[in-house]
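Please read the structure below before turning to the comments.
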Amino acid sequence: MAIHTERPYTRRPVIFLLEKGKNMTLSNPLTIVVMLFALFGVIFLIMAIIALKKRKLFGTSVNFVIALLMLSLSALFGTLSIAIQGYHALTREELATIVKVQPVGEQKFMARFTMPDGSVKVFSIAGDQLYVDAHILKWKPLANIFGLHTSYELDRVAGRYADLDDEKTKVRTVYTLSKDRPLDIVKLRRRYAILKPLLDAEYGSATFINTNSTEEFRVMVSTTGLLIRKTGKENSQ
């Protein structure tokens with residue numbers, strides 16, 4: 001069982017979500033785009049109301065249609081902002097988490113994850129190796145204009161057995177590293193064709209390493225995927 005209050009991973013829809021900080025702020029270009037479209041929508045809506053009062057039906061119709069378009073685009077980009085929340089922008093190789101592993105028995109070890117935001121997650125894992133995977137989103141150049149760049153989110157941690165027979169027959173431990181999300185960017189992408197020009201690819205990347213001694217590792221992520229490096233810190237606990 002996990003020491004941290006994380007639940008073991010269950011098969012559920014994978015949720016994808018955003019940005020470089022904890023909350024959506026004005027420093028996020030996508031937020032500015034949302035606000036601009038909303039502002040234009042309100043302006044054209046006011047113009048439509050004024051034209052209606054002057055009984056200019058054509059002007060009313062045109063302004064009302066444009067207002068609906070602006071507000072729809074604002075809603076679209078607002079949904080994208082929420083649907084990618086939790087993902088971290090990835091422009092170079094960067095630290096995803098620091099993991100300290102400590103064997104506690106035969107084919108059993110503890111894994112302590114220290115995330116970049118300072119939060120800590122500890123798991124009791126069965127196996128010979130530590131396995132970590134992540135989801136990576138790659139956006140098309142058009143989306144880059146709105147502040148959407150290649151991004152990632154750690155998804156699962158599990159134990160991996162070196163021997164295939166052990167992998168088939170022995171206890172499996174899998175936990176989730178991601179968080180429950182209100183929206184799924186991949187499902188939105190599949191449901192709405194308008195998003196097709198924005199999202200280029202969604203794929204998974206995984207890495208694993210032996211855990212036969214107490215060591216500390218850096219899990220790094222780049223545009224090519226995950227990798228693990230030793231920090232050089234060892235403990236004899």
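Return the only residue of Lys108, Lys140, Lys179 being more than 30 Å from Ile46 (Cα to Cα), among the charged types (D, E, K, R) and modelled with pLDDT of 90 or more.
Being more than 30 Å from Ile46 (Cα to Cα), among the charged types (D, E, K, R) and modelled with pLDDT of 90 or more holds for just one of Lys108, Lys140, Lys179, which is Lys108.
Kindly provide the set of residues from the range 21-44 that are at pLDDT 80 or above and surrounded by fewer than 17 Cβ atoms within 10 Å (Cβ to Cβ), ordered by number.
Within the range 21-44, Met35, Leu36, Leu39, Val42, Ile43 qualify.
Name the residue that is farthest from Ala48 (Cα to Cα), counting only residues in the range 61-99 that are buried (at least 18 other Cβ atoms within 10 Å of the Cβ) and at pLDDT 85 or above.
Once the filter is applied, the top-ranked residue is Val99.
What pairs can you find where one residue is in the range 165-179 and in contact (Cβ under 8 Å) with a residue 24 or more places away in the chain and assigned by TED's automatic domain parsing to the domain that holds Val122, the other is outside any loop (DSSP other than H, G, I, E, B) and exposed (fewer than 14 other Cβ atoms within 10 Å of the Cβ), and their Cβ atoms are less than 9 Å apart, with a gap of 6+ or different chains?
Final answer for the pair search is Thr173/Pro8; Val174/Pro8; Tyr175/Pro8; Thr176/Pro8.
The values are calculated or read from the model by the stated rules, or taken from the named source; none is laboratory data. Bear in mind that the values here come from a model prediction, so they are computed numbers and not experimental data. All Cβ positions, even for glycine, are placed from backbone atoms using ideal geometry, and neighbour counts span all protein chains on display.
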